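Worksheet: one structure, shown below.
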Amino acid sequence: MKRMELQRRTGVALVGCVLALGWTGMSAAMAQTKPVKIGVLNDLSGVYADYQGQGSVVAAQMAVEDFGPVNGAKAQVVFGDHQNKPDIGLAIARAWFDQDGVDVVVDVPNSSIALAVADLVRQKNKVFIGSGAGTAALTGEKCSPNTVHWTYDTWEAGHALGRAVVAHGGKKWFFFVADYAFGTALESSTAEAVKAAGGSVVGTVRHPLGTTDFSTYLVEAQASGADVLGLANAGDDTVTALKQAREFGLAGRMQFAGPIVNINVIKPIGLANAQGVLAVMPFYWDHDDASRAFAKRFAARHPRHIMPNDMQAGVYAGVLHYLKAVKQLGAAEDGRAVVAAMKAIPTDDPLFGKGVIRADGRAMHPVYLMQTKTPAESHGEWDMFNLVSTIPAEQAFRPLAEGHCPLVKP
């Protein structure tokens, strides 16, 4: 009888609690205990696998662990391989939202997929944080109240590098362009900066993603009279193009410039074959004590023990800031509200420092002009770049008024 009476009283108390809180209050209480779920969507098996891949998953996991519980529950990380195919990327993201309770999608290299995912995220009122995504349209005409663009974009990378190389004497450019939205945007941005700085573009060829033979393109570049080979591509395409350009003997006759050159590009080529390559990046693992500490932890956890690049660092920083916003709001369900909170809270993390997220969704931080070291200057396997100069955020990224983002009031 005593047990039955206790159960009866407990039931009455629970009903009374529900009535007191109201269903809205109960829903909020339940939402606070629901774990935030983060989906890392990228190329796990193709040309970008080393550039984002498992490294971005590791970065997201590190951010979750470093941040700790969010409103009483530890965030969870899931991941998917979009195989550089928009239909596959969209199918994964849709299943995450409709079936798996994913709140935010991060990384997403390949601009075509990034734009498609951004549109889906807006429809579902979730959150998209692009780090591997390159297209500047994400903060331009395709900007969204549900999207934040971290790390880099095609406008920033192209303009910063184009200005720098012309200043170093590289006046006549020939471009290798990956034949999809990312490559086209990167070429356009770089060419615009080159021409504005007094240089010229004497030729352009487009190549499919995953090209293994650049020989016919290299013959054309060699015959063009250009003094700069501009690589408007990324990942293994950049590696292959640089390797074959040196095999063709172009190293002594042309300056190689790649807006998306990082440690993963230089490693398979080797410093001896990458002399004088200029690149722009917003993060370098050996930049300061904080970046070195992060890199050491990252490499210990990575399946291949490689150092982090800027895009993987951007996943870490973006997820940290996202979790701050969710914690402040108390829930992750309303993606637009989360992004609004991300814009309202100043950014501050050990890899990108202090900054802000603008109205168009662009995360603002400095960018560094880097040049490959000589083998004699290098002190280790991943010691590859010297800092040439620091470009302040307001000079590196497209002016807010020029992006034509509908979220930006004139």
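The values are calculated or read from the model by the stated rules, or taken from the named source; none is laboratory data. As the structure is a computational prediction, the values presented were derived from the model and not from experiment. Backbone-built Cβ (ideal geometry, glycine too); neighbour counts: all protein chains shown.
Remarks
- R206 vs. criteria among the basic types (K, R) and either in the same structural domain as G130 (by TED's automatic domain parsing) or closer than 22 Å to L369 by Cα (or both): no
The rows are residues; the columns are (1) of a type in the set (A, V, I, L, M, F, W, C); (2) in contact (Cβ under 8 Å) with a residue 24 or more places away in the chain; (3) under 30 Å from A221 (Cβ atoms).
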| position | (1), (2), (3) |
| --- | --- |
| K124 | no, yes, no |
| T139 | no, yes, no |
| C143 | yes, yes, no |
| T151 | no, yes, yes |
| A167 | yes, yes, yes |
| W173 | yes, yes, yes |
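- Checking E156 against (1) in contact with a helix residue (DSSP H, G or I) (Cβ under 6 Å, 6 or more places away or on another chain); (2) among the acidic types (D, E); (3) surrounded by fewer than 24 Cβ atoms within 10 Å (Cβ to Cβ), the condition it does not meet: (3)
- The range 207-226 - residue that is buried (at least 17 other Cβ atoms within 10 Å of the Cβ) and closer than 27 Å to L138 by Cα and, of those, modelled with the lowest pLDDT: L209
- Out of R358, R336, one residue alone is in contact (Cβ under 8 Å) with a residue 60 or more places away in the chain and either in contact with a His (Cβ under 7 Å, 6 or more places away or on another chain) or exposed (fewer than 15 other Cβ atoms within 10 Å of the Cβ) (or both). It is R336.
- Yes/no for T216 being without any contact (Cβ under 8 Å) to a residue 24 or more places away in the chain and in a helix (DSSP H, G or I): yes
- Lone unmet requirement of (1) surrounded by 19 or more Cβ atoms within 10 Å (Cβ to Cβ); (2) modelled with pLDDT of 95 or more; (3) out of contact with any Phe, Trp or Tyr (no Cβ under 7 Å at 6 or more places or on another chain) for G258: (2)
- All positions within the range 160-213 that are of a type in the set (V, I, T) and either under 23 Å from the mean Cα position of the chain (by Cα) or in a loop (DSSP other than H, G, I, E, B) (or both): V177, T184, T190, T211, T212
- Those helices (runs of 4 or more DSSP H) of the range 26-127 in which 3 or more residues are under 18 Å from V319 (Cβ atoms) occupy 53-67, 111-124.
- Test for V57: is it modelled with pLDDT of 95 or more, under 28 Å from V261 (Cα atoms) and of a type in the set (V, I, T): yes
- Matching option when the condition is surrounded by fewer than 17 Cβ atoms within 10 Å (Cβ to Cβ) and touching a helix residue (DSSP H, G or I) at 6+ places or on another chain (Cβ under 6 Å), among P350, P346: P350
Here is a yes/no grid of residues against (1) of a type in the set (D, E); (2) within 30 Å of P399 (Cα to Cα):
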| position | (1), (2) |
| --- | --- |
| A293 | no, no |
| G314 | no, yes |
| R336 | no, yes |
| A340 | no, yes |
| D348 | yes, yes |
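- Residue match in the range 123-130 (condition: at pLDDT 95 or above, crowded, with 24+ Cβ neighbours inside 10 Å, among the charged types (D, E, K, R) and more than 21 Å from V280 (Cα to Cα)): yes
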